[in-house]
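Report on the following structure.
We did not get these values from a lab; they are worked out from the coordinates using the rules stated. A quick note: this is a predicted structure, and the numbers were derived from the prediction, not measured. Glycine gets a Cβ as well: all are built from the backbone with ideal geometry, and neighbour counts include every protein chain shown.
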Amino acid sequence: MNSHLLYPQIGKVIASTGSRQFPRMLHDLIQAHLTIDATHIRLLPMAPAGYDSHATLIDETVFSSDEPPARDFSDPSRLHMIRRKGDSRYEIHVLRADSTYGFSAFERNRLDDISPLLLPMLEKHINALQPAPERPPQESLEQRFTDRLGQSGLKLSERECQVCLGLLAGLTAPEQAERLALKVNTVESYLRRAAIKLGISGRHSLMRWMYTAD
């Protein structure tokens with residue numbers, strides 16, 4: 001197979017992953033090598049005793065012409081490409097409407113040559129269609145600080161906690177004094193007390209303490 005001749009077509013297929021154009025682009029790539037009437041792609045869940053066609057997760061057929069062939073498609077001549085990965089089974093079927101015109105050994109070999117390209121692209125396309133998993137809400141600094149304080153068994157006053165959280169938020173002593181309606185030296189005093197209790201020496205040290213288990 002002259003792979004360099006496939007690059008423009010492969011690029012179009014890859015660029016279409018996750019879109020409605022992908023099945024058509026995949027079909028056109030295959031059709032450049034084989035005379036076919038349709039391409040059928042499927043994703044099925046794996047099962048120990050085979051698979052149930054009614055459990056198909058993805059099932060789509062693209063025809064070479066704008067309309068399906070007039071000839072009966074119930075018994076086509078077909079070739080299969082199958083990729084099993086994890087609990088999924090990816091399938092690409094290429095079909096000819098007339099079963100009397102089977103695929104030659106040469107054509108089967110051509111399809112075998114390009115199947116290592118086609119099946120991973122199908123997998124990538126199907127993965128792109130899946131909704132992104134929901135991410136757990138990011139833990140707030142305040143919640144993490146409170147949890148870590150509870151784990152350590154240390155006790156801080158309400159003001160000491162407030163100035164520590166302000167320090168974590170990147171606030172300076174004057175900024176904290178303005179926010180808490182305190183004098184700057186009072187804020188600094190609370191910070192010193194908290195630092196002694198926690199065994200820290202500044203913001204970075206406090207951050208390390210928060211995310212380092214005892």
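Structural remarks
- Remark: segment 112-129, residue by residue, has Karplus-estimated 3J(HN,Hα) of 4, 5, 9, 4, x, 8, 6, 5, x, 5, 5, 4, 4, 4, 5, 4, 5, 7 Hz, where x stands for each Gly or Pro and the curve is 6.51 cos²θ - 1.76 cosθ + 1.60 at θ = phi - 60°.
- Put simply, the amide H of S64, placed in the peptide plane, has neighbours under 5 Å in A38, leaving out anything fewer than 5 places away on its chain.
- Eligible lysines near K124 by straight Cα distance, threshold 21 Å, same-chain separation 8 or greater: K12, K85
- Sequentially through segment 153-169, phi angles give Karplus couplings (6.51, -1.76, 1.60; θ = phi - 60°) of x, 8, 10, 10, 6, 4, 5, 5, 5, 4, 6, 5, 5, x, 5, 5, 7 Hz, Gly and Pro residues having no value and appearing as x.
- Amide hydrogen neighbours beyond the local backbone of I58, cut-off 5 Å, H modeled: L43
- Cα gyration tensor shape for segment 141-210, rounded if a/c is under 1.5, else prolate or oblate: prolate
- With a cut-off of 11 Å between beta carbons, the residues surrounding L180 carry a summed charge of 0, where Lys and Arg count +1 and Asp and Glu -1.
- All lysines inside 26 Å of K183 as judged from Cα atoms, apart from same-chain residues fewer than 8 positions distant: K155, K197
- Relative protection proxy for 27-39, 182-194, 77-89, from highest mean packing down: 27-39, 182-194, 77-89 (other beta-carbon atoms within 10 angstrom).
- Label-point separation in nm, S140 to I58, each point 7 Å along Cα→Cβ: 4.1 nm
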